[in-house]
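Each remark here refers to the structure printed beneath this line.
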Amino acid sequence: MTSEDIPGAPPQERRLVTEIPGPRSRELQRRRIGAVPPGVGSVLPVYVTEAGGGVVVDVDGNSLIDFGSGIAVTNVGNANPRVVERVRAQAGRFTHTCFMVTPYESYVAVCEALNRITPGDHEKRSFLVNSGAEAVENAVKIARHATGRPAVVVFDHGYHGRTLLTMTLTAKNMPYKHRFGPFAPEVYRMPLAYPYRWPTGPDDAGPEAAAQAVDQITKQIGAENVAAVVVEPIAGEGGFIEPAPGFLPRIAEFCRENGILFIADEVQTGFARTGDLFACEHEGVVPDLVATAKGIAGGLPLAGVTGRADVMDRIHPGGLGGTYGGNPLACEAALAVLEEIEDGGLVERARRIGDVMLPRLRALAERHPAIGDVRGRGAMIAVELVRPGTKDPDPGLTSDVARRCHEAGLLVLTAGTYGNVLRFLPPLVIPEHLLAEGLDVLEAAFRDATA
């Protein structure tokens, strides 16, 4: 695949003309320090002028291979022509009216699409908000209202956002929760079936973790007090942890048996990222409520909550909404994204990316005992780094490898409860040669970091 295959995208090549970051990026970083608080971090302080396909181009003319997709946002690329054209046309008509004041068709069309494509063939309703955190928070709000129950169950290693409630739902203290309390009440955390770290081994992780969760919910909370269970089908910020087989189906079954609403946080896993349209589909799990965001609108701020009609319709008029939720520009972008996923075969493309990456990463792990685990589905892949001969996390090596990748022109992200996971989220439209070259860069970074 060449740049000609990606209309509107910059040349699909890795190109280094300065050190990373270059002088113009460093100057912008000095300006940033005087204007933006340090609490707003950046993985790599290179300032972008253009991006698309599988590259990000900075102000110094460097072109970096993109294995981050804006944290799983630009699944269809950073400047997808369909997205650009629909947003440009909508901006010429109107940029805002507030759907709660005077509605418009594109909002309805996005909701109709979400109702159609999310798991399950039951009747559904959707409404739109701005961010993944807002979607998760509204899903919990709906569940509490619909059930009349207060308690919410979440899992170890989960990440759900930075608002008060979603920060409470999130498992990791630093940097997400540290000194930001007190937190919201009636939130309870259960063990996640983390195959690599489950004490009795990966084969037992699914049934044992599910049994523990059911037992703790029953004894410590009372199932009759639980409004919802909130879970990521693959834990994102926690380290791309794919729960062991059987875990999610058993939790969903327990919820059905006890009138608890199962909320799937598909914010990072949705819209073809994992090789299914939604990650829940992998084990046939049908949620009562689904929170979506990130990949939904090609980089424009949009998120959604989709749920069973009998649940969603219980909320009184005015109980849901928000001034910017379902902005018309973002709705047009979302409709373009959904067309691109279908017409571009991006579900299959995500699977192809996994088929390319996983064998090479497993071969890399055979050469480097610091790679304790290789995991993921589709284009949501990770390696977990440990001290050789142990399962002790090695965040230092993780940071070193990431730094070497960045300096060589490959944008990668870190993650994990222990800060020891390299995660890979290439755009689903990345050309094959850049995917291979990015893996070459990663291999060289490991070689140099462990020499």
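Each reported figure results from applying straightforward, stated rules to the coordinates on display, with no laboratory input. Given the structure is predicted, the values throughout are model-derived calculations rather than measurements. Counting neighbours? That spans all protein chains shown, and the Cβs are built from the backbone with ideal geometry, glycine included.
Which of (1) assigned to a helix (DSSP H, G or I); (2) over 30 Å from I430 (Cβ atoms); (3) in contact with a helix residue (DSSP H, G or I) (Cβ under 9 Å, 6 or more places away or on another chain); (4) of a type outside the set (G, A, S) is the odd one out, the single condition H282 does not satisfy? Every condition holds for H282 apart from (2). Any residue that is under 24 Å from M312 (Cα atoms) and without any contact (Cβ under 8 Å) to a residue 24 or more places away in the chain - is there at least one of those in region 228-243? No, region 228-243 has no match at all.
More than 23 Å from A193 (Cβ to Cβ), under 18 Å from the mean Cα position of the chain (by Cα) and in contact (Cβ under 8 Å) with a residue 60 or more places away in the chain - does that describe any residue in region 352-370? Yes, some residue in region 352-370 is more than 23 Å from A193 (Cβ to Cβ), under 18 Å from the mean Cα position of the chain (by Cα) and in contact (Cβ under 8 Å) with a residue 60 or more places away in the chain.
Taking the criterion of being of a type in the set (A, V, I, L, M), buried (at least 19 other Cβ atoms within 10 Å of the Cβ) and within 30 Å of A109 (Cβ to Cβ), would at least one residue in region 33-46 satisfy it? The answer is no; no qualifying residue exists. Just wondering, is there one or more residues in region 325-348 that are touching a strand residue (DSSP E or B) at 6+ places or on another chain (Cβ under 9 Å) and surrounded by fewer than 19 Cβ atoms within 10 Å (Cβ to Cβ)? No, the conditions are met nowhere in region 325-348. Of the residues making up region 349-370, those that are charged (D, E, K, R) and surrounded by 14 or more Cβ atoms within 10 Å (Cβ to Cβ) are R349, R351, R352, R360. Among the residues making up region 142-181, those that are among the basic types (K, R) and out of contact with any strand residue (DSSP E or B) (no Cβ under 9 Å at 6 or more places or on another chain) are R162, K172, K177, R179. Filtered by the rule that a residue be β-branched (V, I, T) and assigned to a helix (DSSP H, G or I), region 285-307 gives a lone residue, I296.
Here the condition is being within 21 Å of S42 (Cβ to Cβ), touching a strand residue (DSSP E or B) at 6+ places or on another chain (Cβ under 9 Å) and small (G, A, S); of A402, A365, A379, it holds for A402 alone.
Residues in region 255-272 that are closer than 26 Å to I221 by Cα and in a loop (DSSP other than H, G, I, E, B): N258, G259, I260, E266.
Taking region 422-436 only, how many residues are charged (D, E, K, R) and within 24 Å of V386 (Cα to Cα)? Spell out how you get there, then give the answer.
Step one: list which residues in region 422-436 are charged (D, E, K, R), which gives 423, 432.
Those left that are additionally within 24 Å of V386 (Cα to Cα): 423.
The number of residues fulfilling the criteria is 1.
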